[in-house]
Every structure is written in structure tokens, then in C-alpha cells.
Amino acid sequence: MIQPHLVRVIFLRKARPNDDPKVKEVVKMEPTKNVEIEQKHVERRMDSGMVASTFIKYAAYIVIFFGFLYFLVRYVFPMF
């Protein structure tokens with residue numbers, strides 16, 4: 001979201017005789033000026049397929065981790 005006090009408002013004016021002919025605008029900062037700001041709202045759609053596949057992936061990680069711990073406790077630790 002754009003902060004209203006950071007919006008630059010450009011006022012066009014006619015060139016004066018002592019101005020550079022290429023310069024046709026003056027930039028002012030006016031925080032109290034009513035400026036229309038475009039707002040974009042993004043709706044996130046929840047893809048249940050992605051959620052399910054992520055759950056299965058992490059569940060597999062947990063099963064492998066506990067399987068490795070079981071292997072250590074059952075076969076490796078009794079050797080010591």
C-alpha cells in the first residue's frame with residue numbers, strides 16, 4: 001500500500017520567460033492533497049492437492065526419521 005505522505009503530486013504550469021524551455025513541470029509534496037491510489041487485492045486460492053502432497057512428504061520424513069531411530073536403538077546401541 002502506498003503511504004499518502006510519500007505520493008508525489010505533479011502540477012503543470014506554463015513556462016515563464018526566465019525558465020528553461022525544456023522544463024514544464026514543478027514537483028511538490030503535498031501530504032494533505034486528496035490523491036486516488038490504486039489498490040490491488042490478491043486472493044490466494046488454496047490448492048488442496050498441494051496441501052495433501054506436502055503433508056504426505058513431511059509425514060514420510062517423520063516415518064523415515066523414526067525408522068532410523070528404531071534401527072539405532074534396536075541394532076546399533078546393543079553392540080556397545
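The values are calculated or read from the model by the stated rules, or taken from the named source; none is laboratory data. If you're wondering where the values come from, they're calculated on a predicted model, not measured in any experiment. So basically every Cβ, Gly included, is an ideal-geometry build from the backbone, and we count neighbours across all protein chains shown.
Table: residues versus (1) under 34 Å from the mean Cα position of the chain (by Cα); (2) of a type in the set (A, V, I, L, M, F, W, C); (3) modelled with pLDDT under 90; (4) not in a loop (DSSP other than H, G, I, E, B).
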{"site": "ILE10", "(1), (2), (3), (4)": "yes, yes, yes, yes"}
{"site": "PRO17", "(1), (2), (3), (4)": "no, no, yes, no"}
{"site": "LYS22", "(1), (2), (3), (4)": "no, no, yes, no"}
{"site": "LYS33", "(1), (2), (3), (4)": "yes, no, yes, no"}
{"site": "ARG45", "(1), (2), (3), (4)": "yes, no, yes, no"}
{"site": "ILE56", "(1), (2), (3), (4)": "yes, yes, no, yes"}
{"site": "TYR70", "(1), (2), (3), (4)": "no, no, no, yes"}
{"site": "VAL76", "(1), (2), (3), (4)": "no, yes, no, yes"}
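Just checking, does region 39-52 include any residue being touching a helix residue (DSSP H, G or I) at 6+ places or on another chain (Cβ under 6 Å) and surrounded by 10 or more Cβ atoms within 10 Å (Cβ to Cβ)? No, region 39-52 contains no residue that is touching a helix residue (DSSP H, G or I) at 6+ places or on another chain (Cβ under 6 Å) and surrounded by 10 or more Cβ atoms within 10 Å (Cβ to Cβ).
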